[in-house]
Each structure stands twice: as structure tokens, then as C-alpha cells.
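Report on the structure given below.
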Amino acid sequence: MASVQEFLIRKAVVPDIPALHILIEQSVRHLQKDDYTPEQIEGALGHTLGLDTQLIEDGTYFVAEPTGSAGVLAGCGGWSNRKTLFGSDHGPNRETPPPDAKPAFAAFQPAVLYPKYLEAIRGHKRRALQAGDTLNIGSLLLTVVTSDGVTIKRALPGSGGAIDECASMNSMDKDGGEENARSVGVVLTFGRSRIASFGDLTWDVEKKLVCPRDKVGPVDLFFVSNHGSNLNNSPALLHALAPRIAIVGNGAKKGADIESYETVSGSPRLVRFWQLHFAERADAQHNVPEAYIANPRSEGDTHASLEVSVSKQGAFTVTNDRTGLSESYPPVAGATVVR
């Protein structure tokens, strides 16, 4: 009579991750080869059938080890207490280049680069952040306010005010690409200091975030979205954030659109607006003074930067790497301390 193989069922741990990747990929390629094409299988491994390492951290992912063969994995599986759309650490690429795209353009599009990204992060610990998630990094609290086109449901402390601009804020037909609206937008809190950085977050998602009532609240520093594009940075958003300092990471010929410049410049609490480059598509009236531009001329560009120092008391200092000019902004009285 053949012996019966017994298995130990235990919770998966982080050291299991490399073996889990191998097990899942070999299982999918072998067990599904009669039902799907190789292309379909590899596509599914890219996002749907991969490993969600967050489940290991949640304690809801298990492995089966043959008795007497520690470290050999024969099976795995788990469940999630979170709302997840896919069974892996990463979702699918949703942005494909147009069919008539030139090769040089298509080579740098997400559809081409995304598989390379998946390969580069294979086996590394990572987390797909959702709206409402938080990360504590020492004394820094990072709060995700937008992700995958979804905004937080519960307003952050200090927010909740009605935004007048919402009444006249129409939807924007253009968004600059499918992925822009899905940007991860974060508010970083460091003691009394608050910083907003929303990536390429689009106009319509901004509206969901601050209309009819603001869910973010005022910040000290705002990294202007999407290089200062006029597809972003709505008057409603700037009213809600009311930053004291704004920095736009524009190029000489990219971003810093006139509409965004006027909206940011007109923000009620703004003390200083800084630019990474002089915006050559705009006139001098729609650029900040040269002292507050890291790279005022594209010819002979030295790739200078803008550097920010932040204190837990709410003080900020911005330095122009090109000139060494620094300007400091003291704390605002009455700011809430987050510990």
C-alpha cells in the first residue's frame, strides 16, 4: 500500500516570497497550458494570478509543506479582508499607445515598459496603496487621499469647508491619458507641517476630492500637479489647499500652462511660487522672477534643483541650487500637531 504524503499547513512568511513566485508561475504555466495561449498565461501572471505580498503581512496567506521537507512548498493560497481588484501586488496597464504610434514613441509607453517594471520588482517587498491608506515613516505620516481614480471617503482633520468654485466647475473632456486620473495623491504630515503631492491627478478627480466640501484641508507646501498642466490644478483645488508655498516641476517647454500659473498665483495664502524651469511657452508675466527659477534658460541648462527643508514646527526653507538663494517661511500659528 502506497504511503500517504502528509502536509504541514502554516502561515506564509516573508522569506517564502521567492519560492512562492516560482510555485505560482510554474503552476499557472503547467496547469493552464491546455486552456490558454502562452500570451494569455504570461499576461495573467503579470497581474491577475501573481502574488499579493500584502496578504502575507495581513496573516491571511498560507502555504502547504510536505512533512519532513521544510522549505519545499507544494501549495499556497489565502484571502483578503481588503477590497482588491486583482490577485497580485500590481494591477494591469490600462494605457495603450495608438495603433499608428511611431516606434520611438511606442517604445516609451506603459504597454511596453510595464512588463519590464514587473520584472524589475519581482521578489521585492511592495504595497499597492489605496485611498485612505496610511504609512508611518518615523515621524512622517503619509495619507493616501486618491488612488486609481478613487478619493477618500472620510475628510481629514481640519477640512470640511464649502468650496465656492465647485458650483461653476465643469468636467474636463481631456485628461492627458488613462493613467493620470489614477494617480496616487498623498498628504504628508510632519508635526505641524503639511505637504500635498498629487502626481498627475486630473481635474475631474480633483473635483471629487474637494467638492462640494473639501476633504483635504489647507497645506503649507503644494507640489503643483502634472508639471503645471491646465488639465489639472483647478481653482477649486487651490482654494481647498490654500498653500503658502508652491513648487512646479515644469520643463522649459512642458507644463507651466498660463491657466495653472494664474490659478496657483492667485491662491489666497500663497507667499511664494517657485519654478524648476522658465516656461518658454508663456510670457514674462506668467513666469516667476528669475531668482525663484532653478533653470531660467534652456540653452546651457545645468539641471539645477529646488531643495526643501521642513521642520516639525511647521517651518519651511526652499533653496535654489543654481544660486544658493534660500528663503524661509515661519510656522503658522494654530496649526494642528500630528504625532
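Only DSSP H runs of four or more residues enter the estimate; each adds -39500 (n - 2.57), and after division by the residues of the chain the mean residue ellipticity at 222 nm equals -5500 deg cm²/dmol. For L325, the shell of other residues with beta-carbons less than 15 Å away shows a net charge of -2, using +1 for Lys and Arg and -1 for Asp and Glu. Compute a Gaussian network model of the chain, connecting alpha carbons closer than 10 Å, and tell me which residue from D148, D220, D283 fluctuates the most. Comparing D148, D220, D283 in the GNM, the peak value goes to D283. Which of these, T319, T189, T302, has the largest mean-square fluctuation under a Gaussian network model of the chain (Cα springs below 10 Å)? Fluctuation is largest for T302.
The order of V187, V264, V72, V144, going from fewest to most other C-beta atoms within 10 Å of their C-beta, is V72, V144, V187, V264.
Computed from the C-beta positions of R281 and H21, the FRET efficiency with R₀ = 30 Å rounds to 0.05. Pairs with C-alpha atoms separated by more than 26 Å, drawn from the list K125/K208; K33/K116; K174/K207; K102/K254; K174/K215; K153/K254, are K125/K208; K153/K254.
Under a 5 Å amide H cut-off, with hydrogens placed 1.01 Å from N, L8 pairs with E65, T67 among residues at least 5 apart or on other chains. Rounded to whole numbers, the Karplus 3J(HN,Hα) couplings from phi for the range 221-232 are 10, 10, 7, 4, 6, 6, 6, x, 5, 7, 8, 9 Hz, using 6.51 cos²θ - 1.76 cosθ + 1.60 with θ = phi - 60°, and x at Gly and Pro. Projecting the Cα atoms of V144, P103, A304 onto the charge dipole of the chain, computed from C-beta unit charges around the Cα centre, puts V144 farthest toward the positive end.
The amide H of I163, built 1.01 Å from its N in the peptide plane, has D214 as neighbours under 5 Å, considering only residues 5 or more places off or on other chains.
Cα centroids of the range 260-339 and the range 174-236: 17 Å apart.
Here is the short version for the chain: C76 have no other Cys C-beta closer than 4.7 Å. Note on the chain: Kirkwood radius taken over Cα pairs, Stokes-Einstein applied at 37 °C and 0.692 mPa s, translational D equal to 143 µm² s⁻¹.
Fewest-first ordering of T323, T151, T37, T60 by other beta carbons within 10 Å of each residue's beta carbon gives T37, T323, T60, T151.
Each label point was placed 7 Å from the Cα along the Cα-to-Cβ direction; for S298 and I258 their separation is 1.8 nm.
Estimated at 0.36 nm per residue, the fully extended path between K174 and L140 surpasses their Cα-Cα distance by 8.8 nm. This ranking places L135, L156 by how few other beta-carbon atoms lie within 10 Å of each, fewest first, which gives L135, L156. Taking each residue as 0.36 nm, the span from V4 to L129 lengthens on full extension beyond its C-alpha to C-alpha distance by 40.7 nm.
Throughout, read-outs are computed from the coordinates displayed, never taken from laboratory work. Predicted model only: the values in this text are computed from it and were never measured. Quick reminder, even Gly has a Cβ in these numbers, built from the backbone with ideal geometry, and neighbours come from all protein chains shown.
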